[in-house]
Structure formats: C-alpha cells, structure tokens
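The values are calculated or read from the model by the stated rules, or taken from the named source; none is laboratory data. Quick caveat: nothing in here was measured; it's all calculated off a predicted structure. Heads up, the Cβs are rebuilt from the backbone with ideal geometry, glycines too, and the neighbour counts pull from every protein chain shown.
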Amino acid sequence: MTDLTLVYLKMRALGEAPQMLMHHAGLPYTYQMAWDHFGMPWPEAKMQVPFRQLPMLVVDGDHQIAQSGSIMRFLAAHIGMTPADPVKAAQVDSIFEATQELFAPLNPTINFAVGDDFQAKRTAILEMLGPRMGDFDRIIEGSGGPFLTGDAPNYCDFGLFHHLDLAHALDARLLADRPRLSAFMGAMRDVTGMQDYLQARPELIEVGVKPQLVIGGKAVATGMMAD
Ligand SMILES: N[C@@H](CCC(=O)N[C@@H](CS)C(=O)NCC(=O)O)C(=O)O
C-alpha cells in the first residue's frame, strides 16, 4: 500500500481534484496543511518544496510530487486510469490541461477576492467562461457523454467538475442553459466516492465578502497561514 499525503493550504482550489480522484479510487490519504506538515509557517517552509508552491503529494514519506497536473497524472497512472494507447492518453491529458487553464483567475477570486474587486473579477470571469464551457460542452457531445471521454470518468473530469462547481459561487445559474454540462455535473456527483468527499470537505462560506472555510466546525479565513 502506497502512503499518500497531500499538502496544501486553506483554500478550495488545486487540492480538490486530487482528493476527489483519491476518494473515487478508494485510496487512503492524509491531508495536511503546510504548517502542520513542515512544523513551521508556510513562508519559512516554501524552500523545502520543489517550486515553492502547493499542492504537493508526498509518496511513501519522502518522494515529493509538486504541480497539481503532475499529481493528477501520477494518481491516474497509480490507479490504472491512464489509457494504454498513447494517443488516447494524450487526448485525455489535453482535456485535463484545458481544465487546468480555468484555475486562474477563477480559484483565487472565489477564495480571496472581496467587495468591488470581487464584483469586477466576477464579471470578467463569467465572460471568459462562456466560450470555455462551450468547448467542454462540444467535447462531451462528441464523446457521447455523460463524461468528457465517454461513459466513464477519467482524471480530466475531476478537474472540470471542480472548476465548474467552484464557479457556481459566481452564478448559481451558471449551467441553466447548458443541459449537457448540467448532466455532466450530476453524473460526476454520482461517481463512486464523490458524495463522501463532497459531504466531508470544508464548506466555503461568505464568498466575495469574507471568504472562510468551515474546518472542524469552525469558520477560518482562507489563506496561507495557520489560525
Ligand atoms: N502550477 C502550480 C500552481 C500552484 C499554485 O499556484 N499554488 C498556490 C496556491 S493555489 C500557492 O502555493 N500559493 C502560496 C504561495 O505561492 O506561497 C500547480 O498547478 O500546482
């Protein structure tokens, strides 16, 4: 059994898809905030991480995997999800990479922006999301759905689910006119392990006003420092 520890910060962002995938695959893992993992504040620990940013997956205690995309590809390979055909593998990965492009400015805005800054970013992000959602809609149509590559989820689906789920904090009716993407979200929620994760993860509250995560019953500010 491989020992897996995901190290991240107080935010709902690049740590989501790896956790969804691990829950889906039934892979036990430990989630640690950076300051708990390193035993020091994050700014002091940064140099111990390959690219000074998180998430990082620690495998069997001493192998550090940085970069969220690399973490997802490792997990997919580890659970036998990566297609054996290199062309199919590259196609799945290209879709995953396109989902990764949704990270900024969407994730930082939802986790951190407030007031007028939040409102301005909200407008810009929703405009940007329109054509991007159109791309994923067409991909699902081409695959026959309900997932991006057909009738079973691959790691790219967990990436898309996370970003679209997060974007609902900008507009609860985000997918009202997109039945295929709505069906995709529903199908993802029904995937093995997803409900367990979605119900257990910290709730993100007061987006755009005073973003906080509810961890262990306590609302704490999103961020990179311990409380
Ligand atoms: N390309 C990286 C980006 C990672 C990244 O932007 N991490 C942010 C949090 S989402 C971070 O570590 N921020 C803290 C810092 O830079 O000190 C990845 O995909 O993992």
Residue hits (segment 24-58; within 14 Å of the ligand (Cβ to nearest atom), hydrophobic (A, V, I, L, M, F, W, C) and part of a loop (DSSP other than H, G, I, E, B)) are 40, 49, 51, 54
**OP:** Would you check if there is a residue in segment 17-39 being over 17 Å from the mean Cα position of the chain (by Cα) and among the polar types (S, T, N, Q)?
**Re:** no
For segment 81-99, pairs from a residue that is more than 17 Å from residue 161 (Cβ to Cβ) to a residue that is β-branched (Val, Ile, Thr), with Cβ under 7 Å and 6 or more apart or across chains, are 83/92; 89/82
Of the listed residues (97, 44), the one being of a type in the set (Asp, Glu) and under 23 Å from residue 137 (Cα atoms) is 97
Of those in segment 59-89 that are in a loop (DSSP other than H, G, I, E, B) and in contact with a strand residue (DSSP E or B) (Cβ under 9 Å, 6 or more places away or on another chain), the residue surrounded by the most Cβ atoms within 10 Å (Cβ to Cβ) is 67
By residue number, the members of segment 1-23 that are outside any helix (DSSP H, G or I), at pLDDT 95 or above and not acidic (Asp, Glu) are 4, 5, 6, 7, 8, 9, 10, 11, 12, 13, 14, 15
Checked segment 157-213 for anything of a type in the set (Gly, Ala, Ser) and surrounded by 14 or more Cβ atoms within 10 Å (Cβ to Cβ); matches are 159, 167, 169, 182, 183, 187, 193, 208
Being in contact (Cβ under 8 Å) with a residue 40 or more places away in the chain and under 16 Å from the mean Cα position of the chain (by Cα): is that true of residue 125 here? no
Taking segment 92-112 and keeping residues within 29 Å of residue 221 (Cα to Cα), of a type in the set (A, V, I, L, M, F, W, C) and surrounded by 20 or more Cβ atoms within 10 Å (Cβ to Cβ) leaves 102, 106, 110
Counting only helices (runs of 4 or more DSSP H) wholly inside segment 155-227, the ones holding at least 2 residues that are charged (D, E, K, R) are 155-167, 179-189
Across (1) in contact (Cβ under 8 Å) with a residue 40 or more places away in the chain; (2) within 14 Å of the ligand (Cβ to nearest atom), residue 64 clears everything bar (1)
Checked pairs for segment 6-18, first of a type in the set (Lys, Arg), second near the ligand (Cβ under 6 Å from one of its atoms), C-beta under 9 Å and 6 or more apart or across chains, list as 10/224
Only one of 165, 157, 135 is more than 15 Å from the ligand (Cβ to nearest atom) and either of a type in the set (Val, Ile, Thr) or farther than 30 Å from residue 31 by Cα (or both), namely 135
